[in-house]
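Written below as structure tokens is the structure these notes are about.
The values are calculated or read from the model by the stated rules, or taken from the named source; none is laboratory data. All figures in this text were calculated on a predicted structure; none of them were measured in a lab. Here the Cβ positions follow ideal geometry from the backbone for every residue, glycine too, while neighbour counts run over all protein chains shown.
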């Protein structure tokens, strides 16, 4: 029996053993989704605490229902391990490892590299491999393929199949989860495309096929570049609007009444999270190899980089109107998550603003209902304060950095001396409220 | 009776005489919409031919049904005139004049200025005035108001009311016309806002009120800046994709399967029409007065300006593969309208590409089913050729510059030696088709 027929048969009989490498906010929901469809799933992660949690049925990802994880673990559909040699047993491997940027905004490919080495060294014939991590176009073919073929001694298209299918996880999105978010898939060869489609369809409603991994890689970057560029645009317009005495929030609400050709984006203290501030720079990186300068991404990135600084200036300006300097003033930040109603402070723009205020002599504190403690890049550690009248009243300036739904704008305004509202939480502001 | 009560009474009794200044693609549909609701409308235009056409019931605007114009003219609801002294009779005046940029991309305010002078010199007490033309924020208050008060000797808020309500005409849009496209309105004073709302509601289903003309001015610019920036972004990504051997059209189709947070824009030879290539530069202009540099608009404008040049390079590269130089080659352009299915070639990117090809020695011709003849900026005049086998076969290179729905990609491909398809009209291309 051919390798292809063999794996398609296993899929048809629900006997595929699926490996998921990386059990973070992408990998774990994906593993659970497949397990819920009664597929055996082996989760791989280098972190022993994570693996132990999974095996104990303890959920640590906001987008997964605790009960769902417990259920698939207790029924034996999902098991986790730190032992990558077990990869040998898998018929298909989905790679969901981080692809961060380093401090010089260059792609850090080491996670993908080690995943490929581990998979290559433990690859059995007839395995389907797919990368889900966002990365620059050409990665699958030019970066991953040589490593896996070298480490395994096997040949893509005959002995195994390599594909790319970008994750589209939107943390906190209550409407779209793994199952009902269409999945884009591109493979190096036609057999790989057919096998990949059959596999993803076990857990995902719609799979959209494209002609190559390179196209699929570009799709994800386009999606997030669109967001980076538009958020940067509205941030720049918000800064101008502030100078022109125009309420940008009112402008956006009115523009939204246009029933065609417009999508609203909102300003804020900067762009956070693990996708939008990073993904476009993967493309900027590879573009240089093609002697190409991506001026839109470059400009958008520049605006985004400067936003925390502008926000510091806003805070200093507000304090100044109260005849206070930042140096010695108590500044309370409300919300350090990078977006509302989640517990993730990665790349959150609040943190560099806090660092800047602290560096300039401000006495910094914060409250976030979802994040009990944080450490900033500058090494400042804080514990979340209780949000009550006393906490608000004791601050010289209250800065709203995340629009968590639980924040009560009227309450915050009533009990604060001075508010800098970077998220339009306070709809009808008094003289003591300064908005972005 | 107060001026306010008097005009509101007229509105209630359908006895308002409405003046519309400028009978172009914005003013005439607006005039017809009001007339269809049985309001008396006086249309003003400096062009005698236009005025004569209107009075003869002869339609010259694509978005108006011929029958609709004929109907309101024959029933006496709509009359046109070149005599601006008749403005004296009007209870309300809506200004729909052009706001072009000059050759140095600076706002040309002369049309608004002369409209304000004419209105001011013929203003009766109790008149409502609204500007619909796209312009930079602060125009209504800082540019128009002083002219009208000076010329009329009357006072805004007491003797007349001044407002801004941006047109949102999308030529060729079959779903959204004047009546069902929500209208944003901002006035200098509260009375003006109430009167303006009452007037616009006579012809338009939804009127969205904002706190000032300045906000309303910014709304329109935001809407079109959003489009400029996103089209420029996808154009830049298309140029990179070309170098990376990625089909950008396939990428966009796949990205569109994301059910949230994405809106598709398509690349093309540049941005045309009378709004998107112009409006953002109104904002860039006024921003300088506030010591502000709009880097996103600047970068987007730069890409857009360069697109015709890049497109020329694409044509030259395609010809080169056939061992032909531009100099002496016959280059046939299909479509010179700035967008599909309309008869408007204003700011169309096809024209500068044709000029460049001609300047480099190419023998240029074109076909457009909607535009029988054109003259380019360089003064080259052309007549539209018939689109048939012979026309296609005689060209060394066929360039698709507008995706009119009537264009048959398969037919064009079959009978052309070489096609440069800048609009993805040919879905399954052979080796002789080069796509943007």
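A few comments on the model shown:
- Any hit, region B:316-335, residues being surrounded by fewer than 22 Cβ atoms within 10 Å (Cβ to Cβ), within 13 Å of another protein chain (Cβ to nearest Cβ) and at negative phi: no
- Residue check, residue A:301 on the phi > 0 side of the Ramachandran plot and either surrounded by 19 or more Cβ atoms within 10 Å (Cβ to Cβ) or touching a residue at least 12 places away in the same chain (Cβ under 8 Å) (or both): no
- Every condition in (1) within 14 Å of another protein chain (Cβ to nearest Cβ); (2) farther than 30 Å from residue A:65 by Cβ; (3) without any contact (Cβ under 8 Å) to a residue 40 or more places away in the chain holds for residue A:174 except the one numbered (2).
- Test: residue in region B:138-154 that is touching a residue at least 40 places away in the same chain (Cβ under 8 Å), within 26 Å of residue B:108 (Cα to Cα), assigned to a loop (DSSP other than H, G, I, E, B) and within 13 Å of another protein chain (Cβ to nearest Cβ): yes
- Screening A:89, A:115 for residues that are crowded, with 16+ Cβ neighbours inside 10 Å and closer than 24 Å to residue A:178 by Cβ leaves exactly one candidate, A:115.
- Residues (in a loop (DSSP other than H, G, I, E, B) and closer than 11 Å to residue B:134 by Cα) located in region B:92-108: B:96, B:97, B:98, B:99, B:100
- Residue identified as more than 8 Å from chain B (Cβ to nearest Cβ), modelled with pLDDT of 95 or more and farther than 28 Å from residue A:299 by Cα among A:231, A:204: A:204
- Single condition residue A:309 does not satisfy, out of (1) away from every other protein chain (no Cβ under 12 Å); (2) part of a loop (DSSP other than H, G, I, E, B); (3) in contact with a helix residue (DSSP H, G or I) (Cβ under 9 Å, 6 or more places away or on another chain); (4) without any contact (Cβ under 8 Å) to a residue 60 or more places away in the chain: (2)
- Residue match in region A:337-359 (condition: over 27 Å from residue A:103 (Cα atoms) and under 23 Å from the mean Cα position of the chain (by Cα)): yes
- Residue within region B:114-122 that is assigned to a loop (DSSP other than H, G, I, E, B) and more than 14 Å from chain A (Cβ to nearest Cβ) present: yes
- In the set (1) assigned to a loop (DSSP other than H, G, I, E, B); (2) touching a helix residue (DSSP H, G or I) at 6+ places or on another chain (Cβ under 7 Å); (3) closer than 30 Å to residue B:302 by Cβ, residue A:347 fails one condition alone, (2).
- Here is the figure for region B:54-72: residues that are over 27 Å from residue B:126 (Cα atoms) and either more than 24 Å from the chain's Cα centre (by Cα) or in a loop (DSSP other than H, G, I, E, B) (or both) total 13.
- Meets criteria (modelled with pLDDT of 95 or more, at the interface with chain B (Cβ under 7 Å from one of its Cβ atoms), within 17 Å of residue A:307 (Cβ to Cβ) and not in a loop (DSSP other than H, G, I, E, B)) for residue A:215: no
- Out of A:59, A:39, sole residue that is modelled with pLDDT of 95 or more and more than 27 Å from residue A:140 (Cβ to Cβ): A:59
- Test: residue B:273 is part of a loop (DSSP other than H, G, I, E, B) and at pLDDT below 95: yes
- In region B:184-211, the residues that are in contact (Cβ under 8 Å) with a residue 24 or more places away in the chain and in a loop (DSSP other than H, G, I, E, B): B:188, B:189, B:202, B:203, B:204, B:205, B:206, B:211
- Note on region B:280-297: among residues that are surrounded by fewer than 16 Cβ atoms within 10 Å (Cβ to Cβ) and assigned to a helix (DSSP H, G or I), the one that is nearest to the other protein chains (Cβ to nearest Cβ) is B:289.
- Screening region B:253-272 for residues that are at the interface with chain A (Cβ under 7 Å from one of its Cβ atoms) and out of contact with any helix residue (DSSP H, G or I) (no Cβ under 6 Å at 6 or more places or on another chain) and picking the one that is nearest to residue A:182 (Cα to Cα) gives B:257.
- Just one residue in the set A:236, A:250 is buried (at least 24 other Cβ atoms within 10 Å of the Cβ), at the interface with chain B (Cβ under 7 Å from one of its Cβ atoms) and in contact with a helix residue (DSSP H, G or I) (Cβ under 9 Å, 6 or more places away or on another chain); that residue is A:236.
- Residue in region A:162-170 that is within 9 Å of another protein chain (Cβ to nearest Cβ) and surrounded by fewer than 23 Cβ atoms within 10 Å (Cβ to Cβ) present: yes
- Test: residue in region A:23-37 that is in contact with a strand residue (DSSP E or B) (Cβ under 8 Å, 6 or more places away or on another chain), in the same structural domain as residue A:129 (by TED's automatic domain parsing) and not in a helix (DSSP H, G or I): yes
- Any hit, region A:1-13, residues being in contact with a helix residue (DSSP H, G or I) (Cβ under 9 Å, 6 or more places away or on another chain), in the same structural domain as residue A:114 (by TED's automatic domain parsing), assigned to a helix (DSSP H, G or I) and surrounded by fewer than 13 Cβ atoms within 10 Å (Cβ to Cβ): yes
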